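Here is the structure we will look at.
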Amino acid sequence: MSTALDAITTTRIVAVIRLERYDRAIDIAHALQTGGISVMEFTLTGSGALSAIADVREALGETVCVGVGSVVTPAAAIDAIAAGAQFVVTPVLRPAVIEMCQTHAVPVLCGGLTPSELFTAHELGADMVKLFPARLGGPAYLRDLLGPLPQLRVVPTGGVSAENARAYLNAGAAALGIGGNLVPARAVAQQDWAQITGAAQAIVAQVAATTPD
C-alpha cells in the first residue's frame, strides 16, 4: 500500500483531472509528467475515467502514479481498482469506501470539510484526508484545524493554485490537490499541452521552494 502514499507525500502534488470526457488522457498525463508532476487522479464525474486510468498506466507504467477521484460507493472503488487505480479519493466522508479500500489494500484519501468529518475519516482508517472545498477557509482554516489535530495528513483541494500553494504547505498541508488551475478544460480542448506543462512547472517550483517540516 505504501507506494502510492510515498509518491503523494514525496511529490506533495496530486493533479486532479476533471473533464467531461477523457479521450486525451495520455496526452494530459504526458504534459503533466513533462512539467514534473507524476501523481494524478481521473475523476469519475467524466466519461471514460476507468479507461483513462488503464490507458495511462499502460502507456507510462511505473513513471506515474494514477488514482481515481469522486468515488462515493464501494462498487465504484472496486471498478476503479480493477482498472488499475493505485489510490482512491472521495469528495465526502464515505466509511464504506474506506473499508473497501482497506480490504483491497489500496490507499484512500477521504474527503471532508469540518474537523469532525476529517477526524472521523482518520479514525476509520483513511490514509490521508482531503480538505474540500479548501477555498472556503483557505490556509488559515487549515492551520487552525491542525492545531488540535496534528495527526491528520491533510490534502487541501479546491481552489489551490501556484499562487497559494506555498501558503497551504506552510499551514501544514501534507500534499496539495490541484485541478482546474492545472488542467483547464479549455487547454485540453485546444490541445495546448504546453500550457498544462507550464502550469505544472509553476506548481512544482512553488512546492520545491517550501521546505517540509
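The values are calculated or read from the model by the stated rules, or taken from the named source; none is laboratory data. This one's a predicted model, so the numbers in the text were calculated from it and none came from an experiment. Glycine gets a Cβ as well: all are built from the backbone with ideal geometry, and neighbour counts include every protein chain shown.
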- In the stretch 134-146, is there at least one residue being under 29 Å from Ala83 (Cβ atoms) and in contact with a strand residue (DSSP E or B) (Cβ under 8 Å, 6 or more places away or on another chain)? yes
Sole miss for Pro212 among (1) at pLDDT below 95; (2) over 18 Å from the mean Cα position of the chain (by Cα); (3) over 18 Å from Thr10 (Cβ atoms) is condition (3)
inquiry  = So, Ala199, is that one over 25 Å from Ile81 (Cα atoms), in contact with a Leu (Cβ under 8 Å, 6 or more places away or on another chain), touching a residue at least 60 places away in the same chain (Cβ under 8 Å) and in a helix (DSSP H, G or I) or not?
reply    = yes
If you go through Ala75, Ala54, the only one that is over 16 Å from the mean Cα position of the chain (by Cα) and free of Cβ contacts under 8 Å to residues at least 24 places away in the same chain is Ala75
Note on the stretch 96-106: residues surrounded by 24 or more Cβ atoms within 10 Å (Cβ to Cβ) and not β-branched (Val, Ile, Thr) are Cys101
query: Mind checking whether some residue in the stretch 183-204 is surrounded by 18 or more Cβ atoms within 10 Å (Cβ to Cβ), of a type outside the set (Gly, Ala, Ser), touching a Pro at 6+ places or on another chain (Cβ under 7 Å) and at pLDDT 95 or above?
result: no
Flagged in the stretch 202-212 as assigned to a loop (DSSP other than H, G, I, E, B) and in contact (Cβ under 8 Å) with a residue 12 or more places away in the chain, in numbering order, are Ala209, Thr210, Pro212
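Any residue at all in the stretch 46-55 that is farther than 23 Å from Glu20 by Cβ and aliphatic (A, V, I, L, M)?
Residues of the stretch 46-55 that are farther than 23 Å from Glu20 by Cβ, as a first pass: none.
No; the residues of the stretch 46-55 include none that is farther than 23 Å from Glu20 by Cβ and aliphatic (A, V, I, L, M).
Take residues that are touching a Gly at 6+ places or on another chain (Cβ under 8 Å) and not polar (S, T, N, Q) and tell me which of the helices (runs of 4 or more DSSP H) falling wholly in the stretch 118-192 contain 1 or more. Please lay out each step first, then the result.
Details: elements: 138-146, 165-170, 185-189.
So the answer is 138-146, 165-170.
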Selection from the stretch 78-90 of residues crowded, with 20+ Cβ neighbours inside 10 Å, without any contact (Cβ under 8 Å) to a residue 60 or more places away in the chain and of a type outside the set (Gly, Ala, Ser) yields Ile81, Val88, Thr90
